[in-house]
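Read-outs: derived from the displayed coordinates by stated rules, not from any lab. The model shown is predicted, which means the values in this text are computed figures rather than measured ones. With ideal geometry, Cβ positions are generated from the backbone for all residues, glycine too; neighbour counts draw on all protein chains shown.
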Amino acid sequence: MVLHGPNLNLLGTREPGVYGTTTLADIDRQVGERAAARGATVECHQSNVEGELVNRIQEARGRAQAIIINPAAYTHTSVAIADALRAVGLPAVEVHLSNVHAREPYRHGSFVAPVCVGTIGGFGARGYGLALEAVLDLLEEKSTS
Ligand code: CA2
């Protein structure tokens with residue numbers, strides 16, 4: 001399951017200098033194609049509402065094998081999203097389009113990072129594809145060990 005947090009629905013339409021020109025629909029399509037090439041499927045959702053993201057994470061239990069999440073600004077504030085990820089126990093990868101560590105100090109912390117397998121940031125939209133490859137590798141390793 002691929003989850004996008006608040007304001008990411010605006011991708012490609014505002015602030016292209018920071019977040020690029022790729023739209024969210026482009027990202028979802030690219031991730032879907034890359035998953036299909038490896039025999040996997042993805043389900044993508046975006047929400048501007050913290051509780052809806054928590055609901056999606058809870059729904060992932062039983063219907064997804066892993067979560068790729070860009071919690072956007074909730075990265076730096078949301079105990080609820082971190083708790084939900086911890087509760088479902090699925091392998092999760094945190095993705096950021098920008099390099100948050102090269103930005104304002106309030107973006108340097110993440111409530112989500114400690115409950116994720118890893119974080120990919122600073123590579124723009126291609127970060128989602130990198131996250132997908134990483135998590136599929138992980139699932140394959142687990143299934144053969
Ligand atoms: O770099 C990232 O992916 C972020 O998660 C993006 C968040 C920001 O709060 C995080 O610190 C880092 C902001 C998403 C806002 O997306 C927009 C897209 C287009 C236009 C305006 C905002």
Can you give the FRET efficiency for ASN9 and ARG29, using 1/(1 + (r/R0)^6), R0 = 22 Å, r = Cβ-Cβ distance, to the nearest 0.05?
-> 0.90
If you average the sequence gap of Cα pairs under 8 Å that are 6 or more apart and divide by the length of the chain, what percent do you get for the contact order?
-> 25 percent
Mean Kyte-Doolittle of at least 0.0 and a Cα length of 15 Å or more along the axis: which whole DSSP H helices of the chain meet both?
-> 126-144
Taking R0 as 35 Å, what's the FRET efficiency between THR77 and ALA37 from their Cβ-Cβ distance, rounded to 0.05?
-> 0.50
Take the chain, compute every pairwise Cα distance, and split them into 10 Å bins from 0; I just need the percent in each bin.
-> 12, 46, 35, 7, 0
Does region 99-141 come out rounded, prolate or oblate by the C-alpha gyration tensor, with a ≥ b ≥ c the root eigenvalues, rounded set by a/c under 1.5 and, if not, prolate when a/b is larger than b/c and oblate if not?
-> oblate
Going by how many other beta carbons lie within 10 Å of each one, how would you line up GLU43, GLU94, GLU50, fewest first?
-> GLU43, GLU50, GLU94
So how far apart, in nm, are the two label points at GLU140 and GLU59 if each is 7 Å from Cα heading toward Cβ?
-> 2.9 nm
